[in-house]
Structure formats: C-alpha cells, structure tokens
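The values are calculated or read from the model by the stated rules, or taken from the named source; none is laboratory data. Computed from a prediction, not measured in an experiment: that's the story for all the values here. Quick reminder, even Gly has a Cβ in these numbers, built from the backbone with ideal geometry, and neighbours come from all protein chains shown. Calculation scope for accessible area: heavy atoms of the full protein, side chains included, ligands and nucleic acids excluded. Shrake-Rupley method; radii C 1.70, N 1.55, O 1.52, S 1.80 Å.
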Amino acid sequence: MPTAPATADPHALTDAVASEATLRRFLQGLPGVDAVGLEGRAAALGTRSIKTTAKAYAIDLAISMIDLTTLEGADTPGKVRALGAKAAHPDPTDRTAPRTAAVCVYPDMVATAKEAVAGSGVKVASVATAFPAGRAALDVKLGDVREAVAAGADEIDMVIDRGAFLAGKYMKVYEEIRAVKEASGSARLKVIFETGELSTYDNIRRASWIGMLAGADFIKTSTGKVGVNATPANTLLMLEAVRDFREATGVQIGVKPAGGIRTSKDAVKFLVIVNETVGEDWLDNHWFRFGASSLLSDLLMQRQKLATGRYSGPDYVTVD
C-alpha cells in the first residue's frame, strides 16, 4: 500500500456527505470536464508504443489484471469450472503464463467458481444488486450481495441506480452504495457506473466521486451490456478522479474499465494511460483490472508470438 500524502486527511470530505444539499453542492462544485482536452490527451497517450521486453512485461501484467467473466443466462456449473481452470492456467502449454486476477460470475455460481479456483490465488468476484439494470428494491439488492458473500465471493461488483443518479438523487445513490459496502463485509466492492448511460463526462466525474465517498474499493466503467462501454477517455477521467481522491484523503481506490477492450494493443494503451496518469502505484491487479474476457485470447497469442517468433492464431488458445 502506498503511503498517504503528508497533507492528506481521511476525514477531509466528511462534510460533503452530511446531507443531500451538501453532496449536491460538492458535486456541482467539481471542475467541469474539458471534453476536447480529455479525448485529445487519451488519444495522444494511445499513440505510445512499447517494444521487446517492455511489451512482454505489459502483456503479462495485462493477463494478471483480467477479471475472466461469464454472465449469461445459459451459464452451467461445467462452464464455470472450465472458466476457473482457464483463469488459474490461461495457457495449458506454458505454465509460466500468469493467472488472471479473478473469475466473475452470478451469485448462484460463486460456490462452484470458488471450488474451481481453490488454491490458485485467483479471486472470485460476483455481480450483484440486480445486475445489469439495477432495477430492484434495496432489500432485494442487499439479499443478492449477502448470497454471494455467504457463498465465498472475494469481491462484489454492484451497479448504481442510474435512474436515481440522472434524476439528481445523489444521496440515494450514495446511501445505496454505503448499504452494499456494509453488506459486502470483507469482500472488496467494485461500483459500476454504466458510463455509456451517464451521457456526459461531468456526470462520470460526479459518479466517480459519489462511489469513492461511499466507500468503493474500485470504480468501474461498465457492465459490458450496453453499446458504449470502456473508452480511453472515460477511463482517463476516472483515473484522474482516484488520483485526486488519494491526494485529498490518502485513500487509494482501484479502477476497472470493462467492455470493448479486445486486443493486446488496446490493453497496452490503457496501461500507458494508467502509468502516465496515476503512476506505478496502480500498475498492479490490486488496483487496476480489465473486465474483458475476450482480451485474454489475444494476449496469449501475442505472448506466444514473442516467445516463438510465430503467430499461432486463435486455434491454439482456448475460447470461452
């Protein structure tokens, strides 16, 4: 864990959440986002290239940051066990390949996933709170969380009530995250904003601060279930938010872009953005994750090419 800045005060922002009025005033007082500047910086960072040993390091780092996910109505115990085996040993032909950070499943599949990854060091994450829409009563959402935690989930991925957020009911969103955090117990909490539905960068910045103020361990872009998911720009914006939050409070928060990241080139772009925006403290799977299961296959193919000089192609890696 990094050392808190000398001027940081963990209670510095307590007054911001004292009431609906103070929270609204705080959020509306955040600097407006220069969309052109944000997208321009994200695009410029995306042009950086890395070679040889640095590329090999980045590929292995990206593999270790993946939350390998199956979130379908047709999920079966067999599919979840296969996913767990792949998370623990992504490349069966090369045991030097790093394991992924976690497998992510629905609450009813947590026990199966936990058994599948036992002893591997792979975490089990579970989506909850009526994922992906989040349209349910709070007691139903909390029941979802408690079921996952009781089954052994190490991490909970919750979705915020986007309807409440867009209606300006910021305290309702804050209090729901607080309640889920409490129900999560020792499990780490990732708060999903569904950035594609928040419409503006200013809203993404405000949602980031609500999540952090409410006790999120991670802030996450998307469910992967809508048209617009993780982008370099919205991830850059969220990284700036966690950087500013740590400067203010001394508390470090993780970031997880999810959905739409499919190639090694994409992953490297995001890692460059992390390094240039928040630095090496976040270049670890405890603080940065990819919600991008399809990304793993391309990373493995690129890894094999670096090792052998030949591009194996998709037939040489397992496909979920």
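List of remarks:
- Within region 260-303, the residues that satisfy the criterion of being of a type in the set (Lys, Arg), touching a residue at least 24 places away in the same chain (Cβ under 8 Å) and open to solvent by 20 Å² or more (accessible area, probe 1.4 Å) are 262, 269, 303.
- Unique residue being out of contact with any His (no Cβ under 6 Å at 6 or more places or on another chain) and farther than 29 Å from residue 21 by Cα when the list is 137, 164, 111, 207: 111
- Residue within region 116-124 that is in contact with a Phe, Trp or Tyr (Cβ under 6 Å, 6 or more places away or on another chain), outside any loop (DSSP other than H, G, I, E, B), closer than 16 Å to residue 190 by Cβ and open to solvent by less than 10 Å² (accessible area, probe 1.4 Å) present: no
- Test result for residue 306, farther than 28 Å from residue 197 by Cα and crowded, with 22+ Cβ neighbours inside 10 Å: no
- Of the helices (runs of 4 or more DSSP H) lying entirely inside region 168-249, those containing at least 3 residues that are farther than 22 Å from residue 289 by Cβ and open to solvent by 10 Å² or more (accessible area, probe 1.4 Å) are 170-184, 201-213.
- Residue count, region 131-167 (criterion: open to solvent by 30 Å² or more (accessible area, probe 1.4 Å) and either on the phi > 0 side of the Ramachandran plot or assigned to a loop (DSSP other than H, G, I, E, B) (or both)): 8
Condition check ((1) open to solvent by less than 60 Å² (accessible area, probe 1.4 Å); (2) modelled with pLDDT of 95 or more) across all residues:
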residue: 49; (1), (2): no, no
residue: 55; (1), (2): no, no
residue: 78; (1), (2): yes, yes
residue: 83; (1), (2): yes, yes
residue: 87; (1), (2): yes, yes
residue: 97; (1), (2): yes, yes
residue: 108; (1), (2): no, yes
residue: 113; (1), (2): yes, yes
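- Looking across region 18-41, just one residue is of a type in the set (A, V, I, L, M), part of a loop (DSSP other than H, G, I, E, B) and surrounded by fewer than 13 Cβ atoms within 10 Å (Cβ to Cβ), and that is 18.
- Within region 45-62, being within 14 Å of residue 270 (Cβ to Cβ) and outside any loop (DSSP other than H, G, I, E, B) holds for 45, 58, 59, 61, 62.
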